[in-house]
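Single-structure report; data block below.
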Amino acid sequence: MQPQDFEEWSRKAAEWGATYRRTLRDRPVRARTRPGEIYRAIPAHPPETGDEMQAIFADFERIIEPGMTHWQHPRFFAYFPANAAPVSVVAEYLVTAMAAQCMLWQTSPAATELETRMMEWLREALGLPPGFSGVIQDSASSATLAAVLVMRERALDWQGNIAGLAGQARVRIYCSDQVHSSIDRAVWISGIGQDNLVKLPAQGPTGSICADALEDAIRTDLEAGHRPAGLIACIGATGTGASDDLRAVIAVARRHGLYTHVDAAWAGAAMICPEFRKLWDGVEQADSVVFNPHKWLGAQFDCSAHLLRDPDALVRTLAIQPEYLKTHGHDGIVNYSEWSVPLGRRFRALKLWFLLRFHGLEGLRRMIRNHVRWSRALADRLAATPGFCIVTPPVLSLFSFRAEGADDAQTIALVNAINDDGRIYLTQTRVEGRVAIRFQAGQFDCTEEDVDTAYRAITETAARLAPSG
Ligand SMILES: *Cc1c(COP(=O)(O)O)cnc(C)c1O
């Protein structure tokens, strides 16, 4: 591609992006494509000769765009948000243009040093103590895998990487039954195995494991000759926002020398607001904490902040070259590839820098506080509407509901009908075995009016489905 064509098409892409964002409110949130439609629209064989950009771009608009679910739509209330604030998109254009591989300090000093500073900013913004340092991982799943590998290595006297797990005592990891599937996968991939992930029931109003139950589980394992290695606590679990009592459970874990990791992938962003920090009271005692700025905070996917009380154990677990152990962080050189499973790294700090500078913490706090407020108001409104009941009350901006007396099939029919309507997008979860509809407000451009539209879309659709008479 000639430089002037690169410039022209870059400009076209940026113009397309701006128009796309401006017109999102007029589109149905969820893609309306049938399975296989897009696949069949793409030729079965790769082209032998090059094509014109005009034709490629036209096909993008014709085939791809209609097959997208619009995650940046202001009325996206499904899953958790994957916000890409426009300012972080601009930063990503720049990162994409430079396309640096930032595995080592010397492969792009600016990427490494900005990352160090951004993690300091985030640590302070979340109210974590100054001792914590951090690294940007590609996902919370990767951060959790890294933490589980540390748990394994610590428990096995740093021999797991070398000798493998055959013939070793069983490494045991504890968590609640509300944790994200990434925790299961981390124990699979680390070779620890599902049978050694001890899931304790989440109980009480916040959905926490019970400290006594954790104590009992650890003691039982010790008596059996197993090796208790770590605790994974969750704050704001995906289903309904279950949160462990960190102060109580980390105290038990620390008494037994366990490494502790906190998965606050979604809820962590809200901790920039001091009034919400009671949700993770006691977090400063954790060894490792992950939260995703690419969820609620507004940093374009992917951007997962992994904060560590002491990175030594992580680097000792993941560094390929032992000599780096001696230097990391102490001579002004950090090689962040030694802090994560993948070697290659994108320059992820730039979008955080642009985001935090452009909006300021006050701007981001205002957004999060609005989402929490509007979501609670919607829960109250639905609770007061005949025919609806709240299944789990709001945790920050997440709650679940269903139509009163609805069975699972009826609840699924309602959520599907709401999504087919197109005004909003919701997803379902299971609460005590029964299907419930999740609602979370969190999209960057969401307004109070959009949440109002959600109320109308929910109640109007339910009325339409209700048997007449
Ligand atoms: C989203 C989420 C994850 C997974 O995050 P990825 O970055 O996609 O790996 C893990 N835990 C919780 C609680 C989440 O909400």
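Structure notes:
- Taking all protein chains into account, the per residue accessible area for the chain stands at 46 Å² (1.4 Å probe).
- Of the GluC sites (Glu not before Pro) found in region 330-406, the ones in coil according to DSSP and having at most 12 other Cβ atoms within 10 Å of their Cβ are Glu404.
- Taking GluC sites (Glu not before Pro) across region 1-78, the ones in a DSSP loop with at most 10 further Cβ atoms lying within 10 angstrom of their Cβ are Glu48, Glu52.
- Taking the DSSP bridge list for region 101-346 and keeping only pairs wholly inside it, about 40 percent are antiparallel.
- Of the beta bridges in the chain, as assigned by DSSP with both residues counted there, near 60 percent are antiparallel.
- Between amide H atoms placed 1.01 Å from N, distances below 5 Å from Gly298 occur with Asn83, all of them 5 or more places distant or on a separate chain.
- Ala78 long-range amide H proximity, modeled H, under 5 Å: Tyr425
- Per-q log10 I(q)/I(0), the chain, q = 0.10, 0.11 Å⁻¹ (Debye; single scatterer per alpha-carbon; no solvent): -0.83, -0.99
- Mean ellipticity per residue at 222 nm, deg cm²/dmol - from DSSP H runs of n ≥ 4 across the chain, formula -39500 (n - 2.57): -13000 deg cm²/dmol
- Calculated from backbone phi, Karplus (6.51, -1.76, 1.60) coupling profile of region 378-383 in Hz, x at Gly/Pro: 5, 4, 4, 5, 5, 4
- Shape of region 323-450, Cα gyration tensor, a/c cut at 1.5: prolate
- Accessible surface ranking that places the most exposed of Lys12, Lys278, Lys295 first, with a 1.4 angstrom probe: Lys278, Lys12, Lys295
- Rounded to the nearest Hz, the phi-derived 3J(HN,Hα) couplings of region 74-79 under the Karplus curve 6.51 cos²θ - 1.76 cosθ + 1.60 (θ = phi - 60°) are x, 10, 7, 10, 8, 5, where x marks glycine and proline.
- Three-way shape label, region 57-177, alpha-carbon gyration tensor, a/c 1.5: prolate
- Ordered from highest to lowest accessible area with the whole protein assembly present and a 1.4 Å probe, Asp245, Asp26 read as Asp26, Asp245.
- Ligands, DNA and RNA left out, the 1.4 Å accessible surface of the chain is 54% carbon and sulfur atoms.
- Anisotropy class of region 27-128 from Cα gyration tensor, a/c 1.5 cut: oblate
- Ranked by solvent-accessible area (1.4 Å probe, protein heavy atoms only, all chains present), the residues Leu165, Leu396 order from largest to smallest as Leu165, Leu396.
- Gain upon complete extension [Thr427, Arg219; 0.36 nm per residue less C-alpha separation]: 70.9 nm
- Charging the Cβ of each Asp and Glu at -1 and of each Lys and Arg at +1, and nothing else, the dipole of the chain about its Cα centre rounds to 660 debye.
- For Glu460 and Tyr79, the difference between the fully extended length at 0.36 nm per residue and the C-alpha to C-alpha distance is 135.0 nm.
- Maximal additional length on extending the Gln285-Met1 stretch stands at 96.9 nm, based on 0.36 nm per residue less the C-alpha distance.
- Normalising the Debye intensity of region 101-346 to I(0), with uniform scatterers on Cα atoms only, and taking log10 at q = 0.13, 0.14, 0.16, 0.17 Å⁻¹ returns -0.76, -0.88, -1.15, -1.29.
The values are calculated or read from the model by the stated rules, or taken from the named source; none is laboratory data. If you're wondering where the values come from, they're calculated on a predicted model, not measured in any experiment. Note that we place each Cβ from the backbone using ideal geometry, even for glycine, and neighbour counts take in every protein chain shown. Surface areas here come from the heavy atoms of the whole protein model, side chains and all, with no ligands, DNA or RNA. Shrake-Rupley method; radii C 1.70, N 1.55, O 1.52, S 1.80 Å.
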